[in-house]
Amino acid sequence: MLLPYTIEVFFAAMTRYNADHAVLVALLAVLSAVAFGLAVQGTRGVWQDRCVGAPLAAGALMSGWAHQGGMMADLNFMAAVYAPVWIAQAALLAAALIFRPQLQFTGPADVARVGGLAIAALGLFGHPLTLLALGTAPGSLPLAGSAPDATTMLTAGLLAAAHGPRWLRLCLLLVPLAWGGVAGTSAYLLAFPLDYAVPAAALAAVALTLAGRRRG
């Protein structure tokens, strides 16, 4: 099975996507960085937890509505399946992290927290910087908050690092884990090995959540 587009076509589409949604892409990238910063220092109270959760929910919504439902709809027929899944993920994140916050993005510096923050940093900084080093144009970069791969790594990492019911964090990790499978398949079919980082990050986040000290 081959994908109906090449990696060059994908990055050309990303250039148009980032230009068409420039304000949202920039805003969500900044808010994602703020969320990461709050999680690193440890949130202090429910409103800071909401400030971490809101960009994650917005990133899932953007990934479904604009990226899969818009940009990818002309490139891949499966985008019609992926888009509503991401939108449903946005609703779940909003319910669990904003409207009735059940996770706290703080806690002791144990393996789950440190490892989760490292995964989140990979999505927020490591993935786009590696793409830049490989020669990708800045205007073509898929960024956390507006593109599924980077958003998956950021979300998975912060969920693994969070304090709260393990069952809830595992439920919220289902879509990132599933997207890791999609990204890994695309990495193979497009001969673009960097994207194997997405399934690796999702699996690592699940492993950290399962192996870490029970929280809540």
Can you run down the residue pairs with Cβ atoms below 9 Å, 6 or more apart or on separate chains, where the first is in region 155-174 and assigned to a helix (DSSP H, G or I) and the partner is among the charged types (D, E, K, R) and modelled with pLDDT under 95? R166/R214; R166/R215; R169/R215
G145 is checked against (1) more than 16 Å from A204 (Cα to Cα); (2) out of contact with any strand residue (DSSP E or B) (no Cβ under 8 Å at 6 or more places or on another chain); (3) surrounded by fewer than 24 Cβ atoms within 10 Å (Cβ to Cβ); (4) at pLDDT 95 or above and fails just one. What number does that condition carry? (3)
Can you name every residue in region 132-150 that is under 16 Å from the mean Cα position of the chain (by Cα) and among the hydrophobic types (A, V, I, L, M, F, W, C)? L141, L143, A144, A147, A150
Where residues in region 156-206 are buried (at least 16 other Cβ atoms within 10 Å of the Cβ) and among the β-branched types (V, I, T), which of them is nearest to A57 (Cα to Cα)? V175
Working only within region 17-49, note down all residues that are loosely packed, with under 14 Cβ neighbours inside 10 Å, charged (D, E, K, R) and part of a helix (DSSP H, G or I). D20
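The values are calculated or read from the model by the stated rules, or taken from the named source; none is laboratory data. In this text the structure is predicted, and so the values were computed from the model without any measurement. Here Cβ is always computed from backbone atoms with ideal geometry, including for glycine, and neighbour counts include all displayed protein chains.
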